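Colleague: This is the structure, below, for whatever I ask next.
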C-alpha cells in the first residue's frame, strides 16, 4: 500500500482562514472535518470550521460544553480573535498523551481543533498549530 501524499504546512481553511501545520502531513476529509495526520510522528489533527449565527463572544459557550475533567485551560485574545483550549485525558490503550481541544473565533468564523499525539514534547507543535489559525493576508 502506498503512503498518502503529504501536503504543505500552510493549508487553507474556511472563508479565507489558514492554518500552519508543524510539518508536511497527510490530509483527508472525514465526517465533515478536515483531518491532518502523520503516523511516524504520532500526531493527528481534526479540524471543524463553521460560521456562527452571531458575532458575540463564544467563550462561555465553549467553557460550558467542556468536560469536567478538562485540565490546563487557557484563553488568549488578540483584538477580535479569541482562542480557548484545554487538555483532556481520555481512556486509551495506545499510550497517547492527553488530547488537546482548542477553539478559535473571530467575528462569525469559528474553528475547533482536536489534537491527538504520542510524545509529550509534541504539545509545543500542537499549541503552535492552534495559534496559527488566522485570516489569510
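Colleague: Take the Cα coordinates of the chain, assign each an equal point scatterer, and use the Debye formula without solvent to give log10 I(q)/I(0) at q = 0.16, 0.22 Å⁻¹.
Modeller: With one equal scatterer per Cα and no solvent, log10 I(q)/I(0) is -0.84, -1.52.
Colleague: Further question: With a Förster radius of 30 Å, plug the Cβ-Cβ distance of residue 61 and residue 10 into 1/(1 + (r/R0)^6) and report the FRET value to the nearest 0.05. Please report the intermediate quantities before stating the final value.
Modeller: Numbers: r = 30 Å, r/R0 = 0.98.
Step by step, r from the Cβ atoms, then E = 0.50.
Colleague: In percent, how large is the relative contact order of the range 6-48, given Cα pairs closer than 8 Å and 6 or more residues apart?
Modeller: On the way: 61 pairs, mean separation 11.6, N = 43.
Once normalised by length, the contact order is 27 percent.
Colleague: Another question, if that's okay. For the range 63-137 and the range 5-48, what is the separation of their C-alpha centers, rounded to whole Å?
Modeller: Here the two parts' Cα centres lie 14 Å apart.
Colleague: Work out, step by step, the length gained on full extension between residue 119 and residue 20: first 0.36 nm times the residue separation, then minus their alpha carbon distance; give nm to one decimal.
Modeller: Values: separation 99, 0.36 × 99 = 35.64 nm, distance 1.98 nm.
Here the segment from residue 119 to residue 20 would lengthen by 33.7 nm.
Colleague: Given an 8 Å cut-off on Cα distances and at least 6 residues of separation, report the relative contact order of the chain as a percent.
Modeller: Values: 249 pairs, mean separation 34.0, N = 137.
RCO, the chain: 25 percent.
Colleague: Taking 0.36 nm per intervening residue step and subtracting the Cα-Cα distance, what contour gain separates residue 135 from residue 75 on full extension? If you can, show how the numbers build up before the last one.
Modeller: On the way: separation 60, 0.36 × 60 = 21.60 nm, distance 1.89 nm.
Length difference between fully extended and current span is 19.7 nm.
Colleague: For the chain, with a Gaussian network of springs between Cα atoms less than 10 Å apart, report the residue from 104, 75, 35 with the top mean-square fluctuation.
Modeller: 75
Colleague: Bin width 5 Å, alpha-carbon pairs only: give the P(r) of the range 58-119 as whole percents, running from 0 to the bin holding the largest distance.
Modeller: 4, 17, 28, 22, 14, 9, 5, 1, 0
Bear in mind these aren't lab numbers, they're just calculated from the coordinates by the rules spelled out. The structure presented is a predicted model; accordingly, all values stated were derived computationally and were not measured. Heads up, the Cβs are rebuilt from the backbone with ideal geometry, glycines too, and the neighbour counts pull from every protein chain shown.
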